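Working notes, beginning with the structure itself.
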Amino acid sequence: MNADDIAIFLRSNPKFFDQHPELLENIHVPHPHGGRAIPLSERQTVALREKIRLLEGKLAELIRFGEENDAISERVHRLAAALVAARDFAALVHSLNFHLRDDFAVPHVALRIWGRALPAAFDAAGAVDEAQKRQAAAMGSPQCGPAAGNPFVSWFGEAAEHVRSMALVPLGDAAVFGMLALGSEDAQRFFPEMGTLYLRRIGELCAAAATARL
C-alpha cells in the first residue's frame, strides 16, 4: 500500500480516527513553522489557529471597509442635503464646490454645462468643444486616471499644471449635458481601477439639482 492508497482509504473512511483515537497521539508530523515533529492532533490545532488568524484579518478588513463606506455615505448625504437646499444655480455651485473641497478633500473642481440656458458669468458656462461633448456622451460612467494628456485638464485653469490625476463625471442619463471634473495633485488619488459608485451618485445628484434650477 502506497501513500495514495492510504489517502484514498482515509477519504473513504472519515470515521477512521473516531474509531482509533489513540492514533492521533501516536502519529507525528513536521511542525509548519519549525523542523520538530509534533502529534497530528497538535498539528490540527496549529492549522485551526492559522485559519482563525486569517479570518480575524479578513473580518478586520471588512469592518474597516464598512467604516470607510459609512463615512463616505455620510458625506454624500450632506452634499445631497446642501444641493436640495440651494435656492438657485449660484448657491448650487457654491455648495457643490464647498462640499467637494472640504468634505471630500478634492482640491480642484471644474463644472461645465452645455445645452442649457446659463448666464455667461458662470464658470460652468465656459467653452466646451464638440470633441469634448462627444467624449462625455460616450463615457457612460465616471472615468478616473492620470491628468497628463487628458483633454479636460485645461478646465482647471491656472491649477491645471499641478493636477496629476482626475475623475470625470458625466452629467445626464438619457442625454449628457455637462461634466463634473475633479482634480488632485496626488497622482494616486484617482486611478483607472478605482470604484466609481460614489462618483456616479454625486454626478446623479449634481445633474438632478442643476436640471431643477436651469
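Bear in mind these aren't lab numbers, they're just calculated from the coordinates by the rules spelled out. Predicted model only: the values in this text are computed from it and were never measured. So basically every Cβ, Gly included, is an ideal-geometry build from the backbone, and we count neighbours across all protein chains shown.
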Next item on the list: Mind ranking 134-140, 87-93 by how tightly packed they are, going by the mean number of other C-beta atoms within 10 angstrom, highest first?
Entry: 87-93, 134-140
Next item on the list: Let me know the shape class of segment 126-189, please: from the alpha-carbon gyration tensor, a ≥ b ≥ c as square roots of the eigenvalues, rounded when a/c is under 1.5, otherwise prolate if a/b is greater than b/c, or oblate.
Entry: prolate
Next item on the list: Highest first, please rank the peptides 115-126, 176-187 by the mean number of other Cβ atoms sitting within 10 Å of their residues.
Entry: 176-187, 115-126
Next item on the list: May I ask you to evaluate 6.51 cos²θ - 1.76 cosθ + 1.60, the Karplus curve with θ = phi - 60°, for each residue of segment 185-202 and list the ³J(HN,Hα) values in order in whole Hz, giving x for glycine and proline?
Entry: 7, 8, 5, 9, 5, 10, 10, x, 8, 6, x, 10, 4, 6, 4, 5, 5, 4
Check: Check Leu171: other-chain or 5+ apart residues with amide H under 5 Å from its amide H, H built from backbone geometry?
Finding: Phe177, Gly178, Met179, Leu180
Next item on the list: Quick one: grab the alpha carbon gyration tensor of segment 79-214, order the square roots of its eigenvalues as a ≥ b ≥ c, and give me rounded if a/c is under 1.5, else prolate or oblate depending on whether a/b is larger than b/c.
Entry: rounded
